[in-house]
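Trainee: Sharing a structure with you now.
Nothing in this text is a laboratory measurement; each read-out follows from the coordinates by a stated rule. If you're wondering where the values come from, they're calculated on a predicted model, not measured in any experiment. Using ideal geometry, Cβ is built from the backbone for each residue, glycine included, and neighbour counts are taken over all protein chains shown.
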Amino acid sequence: MNHVANHADIVIVGAGPVGAALALGLQDLDVSVLLLEANSPEAAGHRRTLALSYGSRLLLERLGAWERLASPTPITSIEISQQGGPGRAGLSAEQADVPALGYVVGYGNLHRAFADALRAADAEIRYATPVHRVAGTQSYGAVACRSDGAEHWITARLVAVADGGAALAPVPRWRRDYEQWAVTADVSADAGHGGVAYERFTPQGPMALLPHDDGFALVWTVRQEQAERLCGLADADFLASLQEQFGDRAGTFTALEARSRFPLRFAFANPVGRRVVYLGNAAQTLHPVAGQGFNLGLRDAFELAEAIARDPRQLGSPAMLQRYRRGRRLDRLGGSLFTDGLVRLFSNDRVPLNWLRGGGLATFDAWPSAKKFLLRRMMFGAAG
Ligand SMILES: Cc1cc2nc3c(=O)[nH]c(=O)nc-3n(C[C@H](O)[C@H](O)[C@H](O)COP(=O)(O)OP(=O)(O)OC[C@H]3O[C@@H](n4cnc5c(N)ncnc54)[C@H](O)[C@@H]3O)c2cc1C
């Protein structure tokens, strides 16, 4: 008879990139870890592209996932501009003394690299096991899940929820619906990208073109009606709209594939409860404008693993969880407020603001120490 364990020291809900990073961070400790994932092993997760910061590369190396990642595309410089207004700023890897400011990878590739690393680490994962309830008392946490048509409760000293903010996340302390959607696609252009990432602010919302393989990964923020319209256009019409909005600084757009759209919101929650901790998008969900969401979630996972390694006997205790919460506060708050501030500042077309923003961009461009400061925060987080 098959015996299915109903207890582990740590139960991780969600084997997305953040849950997987936590499991890898715990691999050398003397604690039992069980990962529960709603999807099947073949599901590749979201159809989107992620910009990983240079700091995330260093963490992924330590977790044994970086070398398994198929062809990440380096970002060697970033060009920032606003539509219909003056001012421009550039950031480069040279200014930050690093080989690349970051790397662009497909979510599916990242997912495969983590799955590969988890297999090599012999991690225990139960796929097709959606958790539908999380509970905690003073002495243990528990999750209710369904597998093989039956309901099970599994207990743990600590439950780590990394469900991407799907349904198990706590009620956020702050939340905001941006009333914007991100339309994403892979776009080819007739000019090489040269490692340049473009960030362009428009009154509807920011748009980013990230160098990816031989072309660009597009993240185009628009209102919901426009997202629906863009997703319904023929390829040639979509490319013409993109060219009109973006201009020709990245060349002429020639082809496109893999269009998707995502609603955008901001949520920031208390990351700890009784015997429960929330990580990644379950703790904070950010606008993709600055490409910070996963980078922040990876640091959540890494620092939780370090907090557990410091004293495994304290695993899941209120003292350990409060220490973790305090340790993560500056980075979580800094990343969230920076991202939200950018969206508020740039998502409108008031003429005086246009000129102020233009002046701000030009001043920033001529101010090397401000650039160094910002680059460091973007690569290593607010506490870095
Ligand atoms: C358009 C767009 C572009 C973005 N670009 C960037 C970027 O450039 N850089 C960056 O750092 N971030 C970016 N982000 C944010 C990034 O995608 C997220 O921060 C990241 O995916 C969060 O990882 P996660 O593991 O917390 O959640 P997810 O990636 O959502 O993974 C959650 C996992 O939990 C599983 N799950 C869900 N519910 C359950 C359940 N009940 N039981 C069991 N399993 C469950 C899911 O199947 C999934 O495998 C972007 C986001 C968007 C929308």
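Trainee: Could you compute the net charge surrounding GLU306? Neighbours are other residues with a C-beta less than 15 Å from the C-beta of GLU306; K and R count +1, D and E count -1.
Mentor: Numbers: positive: ARG62, ARG299, ARG310, ARG323, ARG325, ARG326, ARG328; negative: ASP28, ASP300, GLU303, ASP311, ASP331.
Every neighbour counted, the sum reads +2.
Trainee: Sticking with this structure for a sec: Using the eigenvalues of the Cα gyration tensor, what equivalent ellipsoid semi-axes result for the chain when each is taken as the square root of five times the eigenvalue, whole Å, largest first?
Mentor: That gives 37, 22, 20 Å for the three semi-axes.
Trainee: Another one. So what's the back-of-envelope 222 nm ellipticity for the chain, counting only DSSP H runs of four-plus at -39500 (n - 2.57) apiece and dividing by all residues, rounded to 500? Please list the in-between numbers first.
Mentor: Working: 9 runs with 129 residues, N = 384.
Using -39500 (n - 2.57) per qualifying helix, the result is -11000 deg cm²/dmol.
Trainee: Output the peptides 311-318, 333-340 sorted from most to least packed, where packing is the average of other Cβ atoms within 10 Å over each peptide's residues.
Mentor: Ranking the peptides 311-318, 333-340 by packing returns 333-340, 311-318.
Trainee: How would you rank 117-125, 14-22, 288-296, highest first, on the average number of other Cβ atoms within 10 Å across their residues?
Mentor: Sorting 117-125, 14-22, 288-296 by mean packing, highest first, produces 14-22, 288-296, 117-125.
Trainee: Among the complete DSSP H segments of the chain, which ones combine at least 15 Å of alpha-carbon extent along their axis with a mean Kyte-Doolittle hydropathy of -0.5 or more? Walk me through the numbers on the way to the answer.
Mentor: Numbers: long enough: 107-120 (20 Å, -0.24); 235-246 (16 Å, -0.13); 293-310 (26 Å, 0.27); 318-346 (41 Å, -0.40); 351-365 (21 Å, 0.29); 368-380 (18 Å, -0.03).
Qualifying helices, which must be both long enough and hydrophobic enough, are 107-120, 235-246, 293-310, 318-346, 351-365, 368-380.
Trainee: Tell me the relative contact order for the chain as a rounded percent, counting alpha carbon contacts under 8 Å between residues six or more apart.
Mentor: Computed value for the chain: 22 percent relative contact order.
Trainee: Out of residues 5 or more away from GLN82 or on other chains, whose amide H comes under 5 Å of its own, with H placed 1.01 Å from N in the peptide plane?
Mentor: Result for GLN82 returns PHE201.
Trainee: Under a Cβ-only charge scheme (Lys and Arg +1, Asp and Glu -1), can you give me the dipole magnitude of the chain about the Cα centre, in debye to the nearest 20?
Mentor: It comes to approximately 1600 debye.
Trainee: Now, a different point. What's the Kirkwood radius of the stretch 267-327 in Å, using all Cα pairs?
Mentor: Taking every pair of different Cα atoms in the stretch 267-327, averaging 1/r and inverting gives 12.0 Å.
Trainee: Sticking with this one: Please go through the stretch 1-98 and write out the GluC sites (Glu not before Pro) that DSSP classes as loop and that have at most 13 other C-beta atoms within 10 Å.
Mentor: Hits after loop and neighbour filter: GLU42.
Trainee: Oh, and also: Mind checking which of HIS132, GLY14, ALA189 is farthest towards the positive end of the chain's charge dipole, using Cβ charges of +1 (Lys, Arg) and -1 (Asp, Glu) about the Cα centre?
Mentor: After comparing all options, I get HIS132.
Trainee: Now, a different point. Provide, in order from the shortest bin, the percent of all Cα-Cα pairs of the stretch 178-265 in each 10 Å bin, continuing until the bin that contains the maximum pair distance.
Mentor: Each 10 Å bin holds this share of Cα pairs: 18, 56, 24, 1.
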